[in-house]
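Note sheet for the following structure.
The values are calculated or read from the model by the stated rules, or taken from the named source; none is laboratory data. Because the structure is a prediction, the values reported are computed rather than measured. Note that we place each Cβ from the backbone using ideal geometry, even for glycine, and neighbour counts take in every protein chain shown. What goes into the accessible areas is simple: the full protein's heavy atoms, side chains included, and nothing from ligands, DNA or RNA. Shrake-Rupley method; radii C 1.70, N 1.55, O 1.52, S 1.80 Å.
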Amino acid sequence: PESVKRDWSINDFEVGRPLGKGKFGRVYVARETKTKYIVALKVIFKEQIEKYKLLHQLKREMTIQTSLHHPHVLRLYGWFHDAERIFLILEYAHGGELYGELQRSGHFSEQKAATYIASLTHALAYCHEKHVIHRDIKPENLLLDHEGRLKIADFGWSVQSTNKRRTMCGTLDYLAPEMVENRPHDYAVDNWTLGVLCYEFLYGSPPFEADGQADTFRRIMKVDLAFPSTPQVSAEAKDLITLLLVKDSAKRLSLEKILEHPWIVLNADPNLI
Ligand SMILES: Clc1cnc2c(Nc3ccc(N4CCOCC4)cc3)nc(-c3cccnc3)cn12
């Protein structure tokens, strides 16, 4: 859209309520004055970026995010800055946080979980094609559009919403063993994360959750995977999770094979993928 070439300023927007706040700033819903187009405006304070020496990472993340055009990846339309703040002009996800929906419902149906996993798999296949890995996917970074379509909304600046939430920066829950051990990681970390998310969508909490980070670390390294007896989950779903939560990254089910897995084929809603 025309946003790509124009240089924007805060005067082009009527800023609405805050959607969430985080370490680096806040996200607001906003309306572009001329077109009345609704966007999300993410405000990042420069002194925070300088203090944590994150300008390089921010630039890299923004360059990546601007180049990604996929129905399941939240768009970054552009950005501008003033003396003390950087503003990111983002696609507004009308449906809010997937995490909120998971908290409210406890766990998702197999159809909803399979649809979200299929959407994520397509988005990750696209990201890998563009040589983008480790999108740091966790429920906190997943949003929904007005039709309930999943949007990956992360470029490293995940924000904690106003509703109660676990400490995001601390959680190891979604990291693959090679990440946790700080070994070189490749695309397959995202396949592991899909296994963690699939489990969490179906059971309501991640598979290696533990009281302390050290215990979570141990459970991840051991791949200490157990399936509770409730809620009732199909054998196919457990099969897919087991094929993804494999310590040897080379042996994890590929993104293509995930989309061919019987549980996905039988349960994912083709209209929402
Ligand atoms: Cl980036 C970006 C684009 N769109 C959003 C968005 N959208 C959104 C829509 C609707 C509702 N509500 C709908 C009615 O019930 C209450 C919530 C919330 C968020 N939220 C956040 C967000 C939310 C929480 C914490 N940190 C960020 C970031 N976003």
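Some values worked out for this structure:
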{"quantity": "Hits in segment 104-133 (condition: in contact (Cβ under 8 Å) with a residue 40 or more places away in the chain and within 16 Å of the ligand (Cβ to nearest atom))", "calculated": "A123"}
{"quantity": "Pair list, Cβ < 8 Å and 6+ apart or interchain, from segment 249-264 residues that are farther than 21 Å from L202 by Cα to residues that are surrounded by fewer than 16 Cβ atoms within 10 Å (Cβ to Cβ)", "calculated": "S249/D186"}
{"quantity": "Extreme residue, nearest to the chain's Cα centre (by Cα), among residues of segment 218-273 that are part of a helix (DSSP H, G or I), farther than 23 Å from G148 by Cα and among the small types (G, A, S)", "calculated": "S249"}
{"quantity": "Residue in segment 32-56 that is most open to solvent (accessible area, probe 1.4 Å), counting only those that are within 18 Å of N11 (Cα to Cα), of a type in the set (D, E, K, R) and more than 13 Å from the ligand (Cβ to nearest atom)", "calculated": "K34"}
{"quantity": "Any hit, segment 83-94, residues being within 14 Å of the chain's Cα centre (by Cα) and within 28 Å of G204 (Cα to Cα)", "calculated": "yes"}
{"quantity": "Failed criterion for D173 (all others in (1) outside any helix (DSSP H, G or I); (2) of a type outside the set (F, W, Y); (3) more than 25 Å from Y28 (Cα to Cα); (4) at pLDDT below 90 hold)", "calculated": "(4)"}
{"quantity": "Evaluation of K59 against (1) open to solvent by 30 Å² or more (accessible area, probe 1.4 Å); (2) within 14 Å of the ligand (Cβ to nearest atom); (3) modelled with pLDDT under 95 (one fails), failing number", "calculated": "(2)"}
{"quantity": "Test: A237 is in contact (Cβ under 8 Å) with a residue 24 or more places away in the chain, farther than 22 Å from C127 by Cβ and crowded, with 17+ Cβ neighbours inside 10 Å", "calculated": "yes"}
